Amino acid sequence: MCLIAFAYNVHPACPLVLIANRDEFHARPAAPLGPWDEHPDILGGRDLQAGGGWLAIDRRRPRLAAVTNVREALPPPPARSRGDLVRGFLAGDDLAVAFAELRRVDGNDYGPFNLLLWDGEDLIVATNRLKPRWETVEPGVHGLSNGSFDQPWPKTRRLTAALGNWLDSAVGRASSPDDAVDLEPLYAALADEHQPADSELPDTGMGIERERMLSSAFIKLHGYGTRASQIVMLGRDGRTLFAERRFGADGDLIGEARVVVDRS
């Protein structure tokens, strides 16, 4: 998962509304949105190479986890997959704060990451760059990409603005986590291929050409790009909507799913 915008305690019906793009090599095998075989209460896509995930929820309990990588010119070789963080939180019983606190001990065993955790009470962002640490998320509309939490990269600003506009609209305010909700404005924001001016781009030590190639919300490169766009609406009434669109190497839509979970 490489770009996330989310609204925490902003929407009248949902404590958490999240939209995200997963960028990855197209050759890396992945399963679409669905229950995990060995953990059927976990719902999300699945990395079939390392066995973890990038964004998933618990169908029985109010829990969500999402992870992004942190972009570095020469990251150290990871001992453990970042996707294990998503699996570990959702398959376990630790509260978000407790799980994040444990990552202060072993966080450097993973590749550079940002980790978003929700346990129904607290929303936490953890990272292992520049050192393992975590913080509580305040209510509002936030963005998380491949830099620091709420770092105003152009694509992060555009996606959070689009989410904020949807939340402010009559359609957004009236939406609830069910099959009838119109998600097209959010999918359109996730499909944004706008590339900002060079002067707006971050400098992560990878060179201006690569910064340009990775600067849009939706990425289409040879062998690499946006593999999935996902939307999660976690309702106060116990219902959760999880929707996904999947894309091939040319950026064309190759699959779509929409699941409504009712914990009430």
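The values are calculated or read from the model by the stated rules, or taken from the named source; none is laboratory data. Every value quoted in this text rests on a predicted model; they were computed, and no experiment measured them. We place every Cβ from the backbone using ideal geometry, glycine too, and count neighbours over all the protein chains shown.
Selection within region 31-60: residues that are assigned to a strand (DSSP E or B) and without any contact (Cβ under 8 Å) to a residue 60 or more places away in the chain. The member of this set that is surrounded by the most Cβ atoms within 10 Å (Cβ to Cβ) is 56. Selection of region 177-201 for residues being at pLDDT 95 or above and either within 16 Å of residue 15 (Cα to Cα) or basic (Lys, Arg) (or both) yields only 177. Considering only residues in region 160-179 that are aliphatic (A, V, I, L, M) and within 24 Å of residue 260 (Cβ to Cβ), the one that is surrounded by the most Cβ atoms within 10 Å (Cβ to Cβ) turns out to be 163. Scanning region 239-264 for residues that are of a type in the set (Gly, Ala, Ser) and within 22 Å of residue 66 (Cβ to Cβ), we see that the one that is surrounded by the fewest Cβ atoms within 10 Å (Cβ to Cβ) is 255. Checked against (1) within 14 Å of residue 172 (Cα to Cα); (2) touching a Phe, Trp or Tyr at 6+ places or on another chain (Cβ under 7 Å), residue 19 meets all criteria but (2). Look at region 193-207: where a residue is within 10 Å of residue 73 (Cα to Cα) and a partner is not in a helix (DSSP H, G or I), sitting 6+ places away or on another chain with Cβ atoms under 6 Å, you get 204/71; 205/73; 206/73. Only residues that are at negative phi, without any contact (Cβ under 8 Å) to a residue 60 or more places away in the chain and not in a strand (DSSP E or B) were counted across region 245-264, and they come to 3. Residue count for region 61-96 under the criterion of being among the hydroxyl-bearing types (Ser, Thr, Tyr) and surrounded by fewer than 20 Cβ atoms within 10 Å (Cβ to Cβ): the result is 1. So how many residues does region 180-204 have that are within 22 Å of residue 261 (Cα to Cα) and among the hydrophobic types (A, V, I, L, M, F, W, C)? Residues meeting the conditions: 4.
Inside region 159-192, residues that are of a type outside the set (Phe, Trp, Tyr) and closer than 26 Å to residue 23 by Cβ make up a count of 21. Restricted to strands (runs of 3 or more DSSP E) entirely inside region 61-175, those with at least 1 residues that are in contact (Cβ under 8 Å) with a residue 60 or more places away in the chain and under 28 Å from residue 236 (Cβ atoms) are 64-69, 113-118, 123-127, 140-144.
Any chance region 214-222 includes a residue that's in a helix (DSSP H, G or I), out of contact with any strand residue (DSSP E or B) (no Cβ under 7 Å at 6 or more places or on another chain) and buried (at least 18 other Cβ atoms within 10 Å of the Cβ)? Within region 214-222, not a single residue is in a helix (DSSP H, G or I), out of contact with any strand residue (DSSP E or B) (no Cβ under 7 Å at 6 or more places or on another chain) and buried (at least 18 other Cβ atoms within 10 Å of the Cβ). In region 229-244, the residues that are touching a residue at least 24 places away in the same chain (Cβ under 8 Å) and assigned to a strand (DSSP E or B) form Cβ pairs under 7 Å with partners that are surrounded by fewer than 22 Cβ atoms within 10 Å (Cβ to Cβ) and of a type in the set (Ser, Thr, Tyr), at six or more places apart or across chains, as follows: 229/187; 239/264. I'm checking my understanding of the structure. Among residues of region 241-264 that are among the basic types (Lys, Arg) and more than 16 Å from the chain's Cα centre (by Cα), which one is modelled with the highest pLDDT? So the residue we want is 258.
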